[in-house]
Amino acid sequence: MQKDQIIFLVGRIQYKASQFLTKALRTHHIHGLAPSHGEILGAVMFRGPLSMTQIARIIDKDKSTVTALVKKLIHLGYVEKRKHDADSRVILIAATGKAEALRPDFIAIARELRGISYRGLSDEERETLFRLLTKLNDNL
């Protein structure tokens, strides 16, 4: 591999991971969701109700993208809007029972993706890769 192809390679990895996730969602009979929805569902399922700003920061997407994705998730019944207990001006996005029912599937899919992706990498190599990719991400 040539040094100047790193960005291309990262893009290919993202594409392949997205293809894997799309297929895995179908295999688990989860319809109507895209991998980008999974990022939001994972955030609210595993961290609890979050504001749109918090979701955008966690998944590293702009608020307009998050808003569009959340609208679809509301329409599909996977998340709902709630008022914050301490400040009723703040709207939180929370997982519904329908989303919580997907938790075991999400965990299984994530475990399988990690297993495939990290095959042959030592813990030290994974740590180094994570550190380097984090630097690359921060640079952009």
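List of remarks:
- The number of residues in the range 115-140 that are of a type in the set (Gly, Ala, Ser) and either within 20 Å of Gln5 (Cβ to Cβ) or in contact (Cβ under 8 Å) with a residue 24 or more places away in the chain (or both) comes to 1.
- Conditions (1) β-branched (Val, Ile, Thr); (2) out of contact with any strand residue (DSSP E or B) (no Cβ under 8 Å at 6 or more places or on another chain); (3) at pLDDT 95 or above; number of the one not met by Thr134: (3)
- When we screen Leu69, Leu92 for residues that are more than 23 Å from Val10 (Cα to Cα), touching a helix residue (DSSP H, G or I) at 6+ places or on another chain (Cβ under 6 Å) and among the hydrophobic types (A, V, I, L, M, F, W, C), the only hit is Leu69.
- Among the residues making up the range 1-53, those that are outside any loop (DSSP other than H, G, I, E, B) and of a type in the set (Gly, Ala, Ser) are Gly11, Ala17, Ser18, Ala24, Ser36, Gly38, Gly42, Ala43.
- Taking the range 23-50 as the range and being at negative phi, loosely packed, with under 14 Cβ neighbours inside 10 Å and over 12 Å from the mean Cα position of the chain (by Cα) as the test, the residues that pass are Lys23, Arg26, Thr27, His31, Arg47.
- Ile109, sole failed condition from (1) in a loop (DSSP other than H, G, I, E, B); (2) under 22 Å from Lys23 (Cα atoms); (3) not charged (D, E, K, R): (1)
- Screening Leu121 on (1) out of contact with any Lys or Arg (no Cβ under 7 Å at 6 or more places or on another chain); (2) modelled with pLDDT under 95 shows it passes everything except condition (2).
- Listed by first and then second residue, the pairs with beta-carbon distance under 7 Å, at least 6 apart or on different chains, first residue in the range 45-62 and touching a residue at least 60 places away in the same chain (Cβ under 8 Å) and within 20 Å of Ala110 (Cα to Cα), second basic (Lys, Arg) and surrounded by 12 or more Cβ atoms within 10 Å (Cβ to Cβ), are Met45/Arg103.
- Looking at Lys83, Lys71, just one residue is among the charged types (D, E, K, R), at pLDDT 95 or above and exposed (fewer than 13 other Cβ atoms within 10 Å of the Cβ), and that residue is Lys71.
- Number of positions in the range 98-140 that are under 15 Å from Leu25 (Cβ atoms) and surrounded by fewer than 11 Cβ atoms within 10 Å (Cβ to Cβ): 2
- Selection status of Ala99, aliphatic (A, V, I, L, M), under 26 Å from Phe20 (Cβ atoms), in contact with a Phe, Trp or Tyr (Cβ under 6 Å, 6 or more places away or on another chain) and part of a helix (DSSP H, G or I): yes
- Scanning the range 66-96 for residues that are free of Cβ contacts under 8 Å to residues at least 24 places away in the same chain, in a strand (DSSP E or B) and touching a Ser or Thr at 6+ places or on another chain (Cβ under 7 Å) yields a single hit, Glu80.
The values are calculated or read from the model by the stated rules, or taken from the named source; none is laboratory data. No experiment lies behind these values; they were computed from the predicted model shown. Heads up, the Cβs are rebuilt from the backbone with ideal geometry, glycines too, and the neighbour counts pull from every protein chain shown.
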